[in-house]
Each structure stands twice: as structure tokens, then as C-alpha cells.
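The values are calculated or read from the model by the stated rules, or taken from the named source; none is laboratory data. All values derive from a computational prediction rather than experimental measurement. A quick note on method: Cβ atoms are made from the backbone with ideal geometry, for glycine too, and the neighbour counts reach across all protein chains shown. Areas reflect the complete protein model, heavy atoms only, side chains present, ligands, DNA and RNA absent. Shrake-Rupley method; radii C 1.70, N 1.55, O 1.52, S 1.80 Å.
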Amino acid sequence: MMLHRREFTRLLAGVGLAATTATTASAQAKTVEVSMKQAPKMVFAPDVVNIKVGDTVKWTNPGFVTHSVTFDPSMAATPGNVVLPAGVAPFDSGNIEEDGTFSHTFTVKGSYKYVCKYHEAMGMIGSVVVS
């Protein structure tokens with residue numbers, strides 16, 4: 001099938017528009033960083049993160065104490081400290097050692113509460129609010 005010049009130009013313009021839209025959408029997604037603090041108190045900093053659907057949160061452990069990012073009520077000392085929106089499966093980072101990181105991209109709107117399973121009793125609890 002041969003395309004006439006006008007049809008070819010229209011086709012190229014459509015492809016360019018689609019590529020621009022995809023690039024713009026992915027450029028808008030962001031990564032928010034959360035640090036796992038050890039002193040003077042074990043905390044996630046910041047302890048509340050507000051993001052949009054498609055954004056990523058990256059947790060970093062700059063210290064020598066092992067931490068976790070636990071979004072699984074069955075792994076929490078107090079299951080009510082971990083809350084997930086309806087339909088979201090529980091997840092956990094596993095151990096995060098010194099200079100280790102864990103990232104998660106949030107695809108469902110809602111409020112998430114999570115803990116460090118090792119330091120929950122010390123108040124190491126955080127929240128992610130996805131709009």
C-alpha cells in the first residue's frame with residue numbers, strides 16, 4: 001500500500017504526538033526518598049509521604065543497623081500498624097542492610113501504613129498517601 005504525501009505527514013504527526021504524550025507522562029512520575037534514621041531515635045524521615053499514582057518511594061538505610069520496609073500486617077507486631085488500600089497485596093522489602101535501598105512504585109490510590117519489623121515497638125512507623 002502506498003501512502004500519499006499528505007497521509008504520510010499525518011501518520012508521522014500522530015506518531016510524534018503519541019511519543020510526546022508517553023514521554024510527558026513518564027517525565028511527570030517522580031521518586032521520593034525516605035531515609036531510615038537511627039539516632040537519636042529509629043524513624044523513617046519523612047514519616048509521611050504524599051505522592052501520586054505512578055510515583056516511586058525509595059527507602060535508604062545509611063546506617064549500620066538492619067531495617068525493613070514492611071507493608072504486611074502478618075509481619076507486624078501490631079497488625080493495625082500496617083494498613084493497605086482494598087485489593088493491594090501485602091509486600092515487604094526483606095532486610096535492608098547498611099547503604100541498602102528498597103523502591104516501590106505505587107499504582108493504587110489510598111493510604112498505606114508500614115513499619116520496620118525490627119523497630120516497630122520503637123515507633124518506626126511510616127505512611128504513604130497516594131492520590
(request) Report relative contact order for segment 40-131 in percent, whole number only (criteria: Cα-Cα under 8 Å, sequence separation at least 6). (result) 43 percent
(request) Write out the trypsin sites (Lys or Arg not before Pro) in segment 76-131 meeting two conditions: DSSP loop, and at most 16 other Cβ atoms within 10 Å of their Cβ. (result) Lys109
(request) Report, to the nearest whole %, how much of the accessible area of segment 62-131 belongs to carbon and sulfur atoms, 1.4 Å probe, protein only. (result) 56 percent
(request) First check a/c for segment 71-131, with a ≥ b ≥ c the square roots of the eigenvalues of its C-alpha gyration tensor; if it is under 1.5, answer rounded, and if not, answer prolate when a/b is larger than b/c or oblate otherwise. (result) oblate
